[in-house]
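One structure is given here, and the rest of the page talks about it.
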Amino acid sequence: MKFIDANVFLYAFLSAKATPDGKKLKESAKSILYRVQKGEEVFTTVVHLSEVANIIEDKVPFDQQRHFFESIISNVSLEIKEINKETYSLAIEYAMDNAMGVNDALAVILMQKENINEIYSFDSDFDEVNGVSRITE
C-alpha cells in the first residue's frame, strides 16, 4: 500500500499547463489513478481530499466536481483515513521541526504509523524525509 498525495488528484483532474512538464505531470497522475481504479491499494486522508476540494471548487463546474469526488469515494482500492486532533497536533510539531507543510507532515506521520514508506506525490519535499520514497509515475 502507498499513500497518495492531494497533488496527484489535482494534476489528474485539472487542465495541464501548456508545457511539456505540465503535460507529463498530468499523464503521470492519470496513470497513477488508473492503477488505483484497477485495484492498486492506496490511502489518503479527509484532510488531503479537502485540500483538493478547496482548490477545484472555483475552477470547475459543480457537476464535474461531484462526479470526480463520487468516483474517488466509491473506489474500494482507496482508503480514506479520518484525522483526529492528536494526530494533527503531531503533524504540526513534525512540520515545525522539519520545515515542511502541515499536511505533508500529516502524510509522513500516518505513513510512519502504518509502516508505509512509499508515497505517490509530485512534491519534492518528500525527497528530504528519511525512509520515504516518492513515486511520480
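FYI, it's all coordinate maths here, none of it is from the lab. Predicted model only: the values in this text are computed from it and were never measured. Counting neighbours? That spans all protein chains shown, and the Cβs are built from the backbone with ideal geometry, glycine included.
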Unit-weight point scatterers at every alpha-carbon of region 1-134, Debye formula, q = 0.13, 0.14, 0.15 1/Å: log10 I(q)/I(0) is -0.55, -0.64, -0.73
Magnitude of the Cβ-charge dipole (Lys and Arg +1, Asp and Glu -1) of region 2-135 about the Cα centre, nearest 20 debye, reported as 560 debye
With Cα coordinates, the longest principal axis of the chain makes an angle with the long axis of helix 85-98, in degrees rounded to 10, of 80 degrees
Here, GluC sites (Glu not before Pro) of region 1-89 satisfying both criteria (DSSP loop; at most 14 other Cβ within 10 Å) are Glu41, Glu57, Glu82
Too long for a 30 Å Cα-Cα cut-off, among Lys26/Lys85; Lys30/Lys81; Lys24/Lys113; Lys26/Lys81; Lys30/Lys59; Lys59/Lys113, are Lys26/Lys85; Lys24/Lys113; Lys59/Lys113
With Cα springs under 10 Å, the Gaussian network model of the chain assigns the largest mean-square fluctuation among Leu90, Leu49, Leu78 to Leu90
Cβ density ranking, 10 Å radius, fewest first, applied to Thr45, Thr87 yields Thr87, Thr45
From DSSP H assignment alone, runs of 4+ in the chain each adding -39500 (n - 2.57), the sum over residues rounded to the nearest 500 puts [θ] at 222 nm at -17500 deg cm²/dmol
